[in-house]
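Below: one structure, written as structure tokens.
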Amino acid sequence: MATQVRTRFSPSPTGALHLGGAHTALFNWLFARHHGGVFILRIEDTDMERSRAHFVEEILEALLWLGLDWDEGPYFQSQRLAIYDDFIHRLLKAGAAYCCDCDPQELEARRQAALARGDKPRYDGRCRERGLPLGPKTAVRFKTPQTGITFWHDQIKGHIAFENQELDDLVIRRADGIPTYNFAVVVDDITMRVSHVIRGDDHISNTPRQILIYQALGEEPPLFAHMPLMLGKDRTKLSKRHGALPVLAYRDRGILPQALTNYLARLGWSHGDQEIFSREELIRYFSLEHVGKAPGIHDDDKLLWLNSHYLKETPPEELGRLLLPFLAKEGIHTDDAVKAARVAATLNKRAKTLMEMAQAARFYYLDPWPYDEEAARKHLTPGALPVLREARERLAAGVELSEEGLTRLLKDLARDLGVKVVEVAQPLRVALTGKAASPSLTELIPILGREETIRRLDFALRHLGA
RNA sequence: GGUCCCAUCGUCUAGCGGUCUAGGAUACUGCCCUCUCACGGCAGAGACACGGGUUCGAGUCCCGUUGGGACUACCA
């Protein structure tokens, strides 16, 4: 009988969830969902100094926004201290760990000295055989075997091996009683029965240490899969300075969650030539075998392309609803979802984000003046007076505000005035939208309405001194 | 410095020894469509890091070089 697939995502609340974190969360989630397994959320908040409660809230919010729901948790390491202590004592009793009262500052000084000498900075094991009791000022170190090789078959990278002598006796419990990362992770993954540890390959060098702890505990290690890191444009680990924003910043920018998950899924993973994946397809096709080994560089352009794809695919009614909060940010406070849907339908092919869409939608709600300077200079000239006047008259006379009616109006106007269609369209466009580029007049005028259209034409006429 | 990981168009990638004069996507350029801008359609340019092997045959396997990255804490 195959054992149940159980994966976990374990962020530390020392900052917002960023793209890299979302990437590994997604892969864990997809793997669990693909296998009908369990996805666990665990908050690694043992760093009391840097952990903040509000980051926990933000991380959960971001995961939920992305649609990455968890089946168990969130567990908090800070609430599991008694469990870690049990395992510490197991190790102590077995002689696989020992207490150490070396002064941290001294240790740091020795580290620096070794570095300066060009030596490998490693703990010299001076407390190893001292048999110190566990006291209030003692840390606990793991007794790393000094010979032999620790290896595993990585589900993504293949066979990886480390010589044990490269490793030193790491602290697994700090003097303040809090376990360190490498130890807490192992205890958690054991007790939560995690079957697959899928994480960034910056954790590869932690893996042999963790495997050694499993062995000392007499436990079977889970399967490891180290996925390639996401790098910034300068090819270093992705961070704020690459413009890699927190996940929620993408939401606030008007990126759709489907676009972001699609983007993240295709970074480091592929399914033939397919680029667009529904959530169901992602779950159906995802597998570790098709995760690549090479790191990927974050490319905002590709994200934007996917976002515009999903913007085009989203039904206008939904798009209108999504647009409302972005309109508000433009100072347009409306709850008219019907109008917003009509507006969105004219803009969904012209914007890459909801934020852009809201900016482009301003003229539907606000007076288009003052006009864009260059647009007005070019198109709102005295020569345009007849166009504006005639258009105003015919609109007032009751030209039908339909696609066909307005198309005919533009053509007739051009013919009757002896100019090209573009020469009637552009002045009208600037008069109505304030800009030289906009959705088609035949679709924007019906939304503006007859009265408002005429009002704007009158203003333009007066602007030209008519 | 040490250890480990990685290496196909600028970027994301397909490729699991012959079907590769290397495919798709994005970005870029041009043309078409067109009331503008987009969208869409078509076309173009653009890569197997280098050197050795193995093999009848290597982008694909092995070794080395170079390059890049990660880690190197009583952070996670």
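Values in this text are rule-based calculations from the coordinates and carry no lab data. Predicted model only: the values in this text are computed from it and were never measured. Please note: Cβ atoms are built from the backbone with ideal geometry, for glycine as well, and neighbour counts cover all protein chains shown.
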Next item on the list: Please identify the cysteines of chain A that lack any partner cysteine with a Cβ under 4.7 Å from their own Cβ.
Entry: A:Cys99, A:Cys102
Check: Under a point-charge model restricted to the Cβ atoms of Lys and Arg (+1) and Asp and Glu (-1), what is the dipole moment magnitude of chain A relative to its Cα centre, in debye to the nearest 20?
Finding: 660
Item checked: lysines with Cα under 30 Å of A:Lys293, excluding same-chain neighbours fewer than 8 positions away -> A:Lys120, A:Lys157, A:Lys233, A:Lys237, A:Lys240, A:Lys302
Margin query: Run the helix sum for chain A: -39,500 (n - 2.57) per DSSP H stretch of 4+ residues, divided by residue count, reported at 222 nm to the nearest 500 deg cm²/dmol.
Written below: -14500 deg cm²/dmol
Check: Taking Cα pairs under 8 Å and at least six residues apart, what relative contact order does the range A:373-463 come out at, in percent?
Finding: 39
Notebook entry, point to check: In percent, how large is the relative contact order of the range A:81-227, given Cα pairs closer than 8 Å and 6 or more residues apart?
Noted result: 24
Next item on the list: Please give the net charge around A:Gly320, taking every other residue with its beta carbon less than 12 angstrom from that of A:Gly320, where Lys and Arg add +1 and Asp and Glu add -1.
Entry: -1
Check: Karplus couplings for the range A:91-108 from phi (6.51 cos²θ - 1.76 cosθ + 1.60, θ = phi - 60°), rounded to Hz, Gly and Pro as x?
Finding: 5, 4, 4, 7, x, 9, 8, 8, 8, 9, 10, 4, 6, x, 5, 5, 4, 5
Checklist line | On Cα atoms only, tilt of A:53-66 relative to the major axis of chain A in degrees | finding: 60
Item checked: Environment charge at A:Leu92 (Cβ cut-off 12 Å; Lys +1, Arg +1, Asp -1, Glu -1) -> +3
Next item on the list: Give me the net charge of A:Arg342's neighbourhood, meaning all other residues with Cβ under 11 Å from the Cβ of A:Arg342; Lys, Arg count +1, Asp, Glu -1.
Entry: -2
Notebook entry, point to check: How far apart, in nm, are two points set 7 Å out from the Cα along the Cα-to-Cβ line at A:Lys293 and at A:Arg52?
Noted result: 4.0
Notebook entry, point to check: Under the definition of Cα pairs under 8 Å and six or more residues apart, what whole-number percent is the relative contact order of the range A:314-366?
Noted result: 40
Note to self: What does the extension gain come out to for A:His34 and A:Glu61, with contour length at 0.36 nm per residue minus their alpha carbon separation?
What the structure shows: 7.4 nm
